[in-house]
Amino acid sequence: MKSLISISMAFIILNLDSLSSQVLNEDNKVLNSNENREFKKMKRTDSEWRRILSSSEYHILREKGTERAFTGEYDGHFEEGMYVCAGCGHKLFDSETKYRSGCGWPAFSKALPESVEETEDNSYGMRRIEITCSKCDGHLGHVFNDGPQPSGLRYCINSVSMDFKPEEDK
């Protein structure tokens with residue numbers, strides 16, 4: 001009987017752990033899942049990140065900063081290609097999902113599968129969903145439920161947190 005309880009508890013703990021990495025929208029649908037991750041998390045020390053990243057990249061990716069609206073390199077950028085994490089090069093968004101939202105930051109209607117993780121963010125008296133790179137945990141921006149159909153999502157991303165790879169490099 002004790003072994004059955006132990007197995008049941010282990011199953012519950014494992015399931016709770018996998019659910020903690022998924023944030024649900026108002027309709028209780030998973031916004032982006034990382035259940036089938038085929039890569040290992042990138043681990044670097046703070047001093048390594050400071051050496052690798054520019055000061056603005058470090059501020060946004062590691063300290064969860066935000067660039068000023070309408071100042072980012074990729075806000076009005078609409079070339080074909082792939083947007084990748086500036087911290088680790090992990091693929092995040094296909095240019096086909098980018099759209100002009102008018103919010104002042106690059107906006108995407110869909111993240112690549114398993115590319116980002118969502119976490120509830122209640123800082124500054126707001127209730128939002130923070131988006132981080134699923135490989136290096138770098139802060140990218142936030143996702144909102146006011147985007148175009150069919151997803152209804154607006155991934156609002158800091159330009160500094162991304163690099164762009166043109167179609168031929170995609």
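The values are calculated or read from the model by the stated rules, or taken from the named source; none is laboratory data. Quick caveat, the model's predicted, so the values are computed rather than measured. FYI the Cβ positions are ideal-geometry reconstructions off the backbone, even for glycines, and counts take in every protein chain you see. Keep in mind that these areas ignore ligands, DNA and RNA; they rest on the heavy atoms of the full protein, side chains included. Shrake-Rupley method; radii C 1.70, N 1.55, O 1.52, S 1.80 Å.
Computed values, structure above
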item	result
For SER21: the one exception among (1) touching a strand residue (DSSP E or B) at 6+ places or on another chain (Cβ under 8 Å); (2) at pLDDT below 80; (3) at positive phi	(3)
Residues satisfying the stated conditions in segment 38-67, i.e. aliphatic (A, V, I, L, M) and crowded, with 17+ Cβ neighbours inside 10 Å	LEU53, ILE60, LEU61
Inter-residue pairs, beta-carbon under 9 Å, first in contact (Cβ under 8 Å) with a residue 24 or more places away in the chain and more than 14 Å from GLY72 (Cβ to Cβ) and in segment 48-62, second of a type in the set (Lys, Arg) and open to solvent by 60 Å² or more (accessible area, probe 1.4 Å), 6+ apart	TRP49/ARG62; ILE52/ARG44; LEU53/ARG62; ARG62/ARG50
Residues being small (Gly, Ala, Ser) and either buried (at least 19 other Cβ atoms within 10 Å of the Cβ) or in contact with a Phe, Trp or Tyr (Cβ under 7 Å, 6 or more places away or on another chain) (or both) - total across segment 109-159	8
Residues located in segment 84-132, provided they are of a type in the set (Ser, Thr, Tyr) and farther than 20 Å from PRO150 by Cβ	THR119, SER123, TYR124, THR132
Criterion: within 30 Å of GLY102 (Cβ to Cβ) and either at pLDDT below 50 or basic (Lys, Arg) (or both) - qualifying residue of ARG51, ARG62	ARG62
Candidate set from segment 107-142 (those that are in a loop (DSSP other than H, G, I, E, B) and of a type in the set (Asp, Glu)); member that is farthest from MET162 (Cα to Cα)	GLU114
Conditions (1) open to solvent by 30 Å² or more (accessible area, probe 1.4 Å); (2) in contact with a helix residue (DSSP H, G or I) (Cβ under 7 Å, 6 or more places away or on another chain); (3) of a type outside the set (Lys, Arg): number failed by PRO106	(1)
Residue satisfying condition, being touching a residue at least 12 places away in the same chain (Cβ under 8 Å) and either in contact with a His (Cβ under 6 Å, 6 or more places away or on another chain) or open to solvent by 20 Å² or more (accessible area, probe 1.4 Å) (or both), within set PHE93, PHE70	PHE70
Check on LYS98, basic (Lys, Arg) and either open to solvent by less than 30 Å² (accessible area, probe 1.4 Å) or modelled with pLDDT under 95 (or both)	yes
